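Every number in this text was worked out from the coordinates using simple rules, so none of it is lab data. Everything numeric in this text was worked out from a predicted model, so none of it was measured. FYI the Cβ positions are ideal-geometry reconstructions off the backbone, even for glycines, and counts take in every protein chain you see.
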Amino acid sequence: MPILSDKIKEILIGQEPTEAAFKEVGVAVQSEIDPASDLNGTAEYRRDLIRVLVPRSLALSLERAKKGS
């Protein structure tokens, strides 16, 4: 489910798109979500996964935007 977060917008707006900024966003998203546990993973695992995947997806999106694809 998509979320809209003022905290995350504050981190990104006016900042250079750096690895450090993307990691900061990952940590912020991790603190703002409340995933459910089920047979496929615990809530803690999903929060950790978000912390890792958000920066990766932002970096990939930036790379693709620079290439124009």
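Summary table
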{"item": "Some residue of segment 38-45 being farther than 20 Å from Ile3 by Cβ, surrounded by fewer than 12 Cβ atoms within 10 Å (Cβ to Cβ) and among the charged types (D, E, K, R)", "result": "no"}
{"item": "Selected residue [surrounded by 14 or more Cβ atoms within 10 Å (Cβ to Cβ) and without any contact (Cβ under 8 Å) to a residue 40 or more places away in the chain] from Gln30, Gln15", "result": "Gln30"}
{"item": "Test for Val54: is it surrounded by 16 or more Cβ atoms within 10 Å (Cβ to Cβ) and aliphatic (A, V, I, L, M)", "result": "yes"}
{"item": "Restricting segment 6-42 to residues that are in contact with a helix residue (DSSP H, G or I) (Cβ under 7 Å, 6 or more places away or on another chain) and polar (S, T, N, Q), the residue that is nearest to Leu60 (Cα to Cα)", "result": "Gln15"}
{"item": "Per-region count, segment 3-12, residues surrounded by 11 or more Cβ atoms within 10 Å (Cβ to Cβ) and of a type in the set (Val, Ile, Thr)", "result": "2"}
